[in-house]
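Down below is the structure, laid out as structure tokens.
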Amino acid sequence: MNSYLDQYRGKQNHDKQRREEFGRKMVALRKSMCLSVEQMAAQLFISPEALRRIENGKVCPNMEEYAPALKKRIERLAELKGLSIA
């Protein structure tokens, strides 16, 4: 039983780290473009609140399941700045 709980906790910790890392990359991308949260959110066709939650590591869109249009927009904006979001 403990090994299952340990695995579950380990996965939660990994997911949190992944969300936080993605959030940092999104902040770096937004700042490199000199955009406000509102401006970046408009570029991505999401609400400013959704972008804040992503940047703060509260959520991390699953790029395989999330809206393909958002994935393409983020990748394209990062590519323009020579950054990697993966």
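Out of 26, 63, report the one residue that is surrounded by 13 or more Cβ atoms within 10 Å (Cβ to Cβ), closer than 19 Å to residue 83 by Cα and modelled with pLDDT under 75.
Details: 26 fails: modelled with pLDDT under 75.
The unique qualifying residue is 63.
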Within segment 34-47, the residues that are surrounded by 14 or more Cβ atoms within 10 Å (Cβ to Cβ), modelled with pLDDT of 90 or more and closer than 25 Å to residue 16 by Cα are 37, 40, 41
For segment 71-86, pairs from a residue that is within 15 Å of residue 32 (Cβ to Cβ) to a residue that is modelled with pLDDT under 80 and surrounded by fewer than 11 Cβ atoms within 10 Å (Cβ to Cβ), with Cβ under 7 Å and 6 or more apart or across chains, are 78/84
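The values are calculated or read from the model by the stated rules, or taken from the named source; none is laboratory data. Keep in mind it's a predicted model, so treat the numbers as computed, not measured. Positions of Cβ are generated from backbone atoms using ideal geometry, with glycine treated the same way; all protein chains shown enter the neighbour counts.
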